[in-house]
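Colleague: Quick one: the structure is below, and I'll ask about it shortly.
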Amino acid sequence: MLPFKVVNQGGKPYLTVEMKSSKIKLMSPKEIISMMLKGIKQKAKSHLGMEIEEVVLTHPAFTFSNAQVQTIQDAGAIVGLKVNVGGEDFDHRVMDYCLNLIKNKYNRDISGDKQAVTRLIKECEKAKKVLCDQPRVDVKIDSLFDGVDFSEPLSRETFKELNMDLF
C-alpha cells in the first residue's frame, strides 16, 4: 500500500501524505517535486562541496508533457534551482557526433538510413546513462550499416563538450 492517496482538488491532482507526526497533509505535485529537488540539491552540495544553482534532469523522449516540464521547473525555482529538463537534446548531440565520426572514418553518410539512425540514437541514449556513473563508455553497434560494426569510445569530458551550451 502506498503512503499517499491521489485526490481531486479543484480539478487538479493532489496527494494526501501522512507526515512523520501522523498528520495528513494535502500536497501538490509541485510541492512533492520541490521536496525531492531540495534533497538532491543538499546531497549534491555535500558531495561536491559547493552550492548548486543549476541542474539538468534527463529523461527518455516524450515522457513529460509541457505542463509537467513547467511544473518541474517551477518546483526547482521554489528551492533555488534553475532546472533544464531534457534528454533527447543530449542524445541527438551524441548521435550527430557519431554520424560525423562515421563520415570521417568510413566516408559514408548514414543519416538517411532510418534503421541505422534509430539503432544509433538508442545506443547514444544508453551511453548517456552509463556516463552518469562511469568516466568512459564504448558506443557499440554490430552491423550498423553494410556489415560494418561501429565501436567508438565516448568520454564524459567529450559528452560535456558536445552539450556545454545545454548545461
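Colleague: In the set T71, T16, which member is in a helix (DSSP H, G or I) and touching a Lys or Arg at 6+ places or on another chain (Cβ under 6 Å)?
Modeller: One residue alone meets the criteria, T71.
Colleague: Does F64 count as among the hydrophobic types (A, V, I, L, M, F, W, C), at pLDDT below 90 and under 27 Å from V6 (Cβ atoms)? Talk me through it step by step, then tell me what you get.
Modeller: On the way: among the hydrophobic types (A, V, I, L, M, F, W, C): yes; at pLDDT below 90: yes; under 27 Å from V6 (Cβ atoms): yes.
Criteria met by F64.
Colleague: Being assigned to a helix (DSSP H, G or I), among the acidic types (D, E) and not assigned by TED's automatic domain parsing to the domain that holds L120: is that true of D96 here?
Modeller: Answer is no for this residue.
Colleague: Name the pairs whose Cβ atoms lie under 6 Å apart, with the first residue in region 13-31 and in the same structural domain as G80 (by TED's automatic domain parsing), the second part of a strand (DSSP E or B) and of a type in the set (K, R), and 6 or more positions between them or separate chains?
Modeller: T16/K5; V17/K25; M19/K25
Colleague: Test each condition in (1) crowded, with 17+ Cβ neighbours inside 10 Å; (2) touching a Phe, Trp or Tyr at 6+ places or on another chain (Cβ under 7 Å) for L154 and report the one that comes out false.
Modeller: Looking at each condition in turn, L154 falls short on (2).
The values are calculated or read from the model by the stated rules, or taken from the named source; none is laboratory data. Computed from a predicted model, the values in this text were never measured in an experiment. Glycine also receives a Cβ, built like all others from the backbone with ideal geometry; neighbour counts cover every protein chain displayed.
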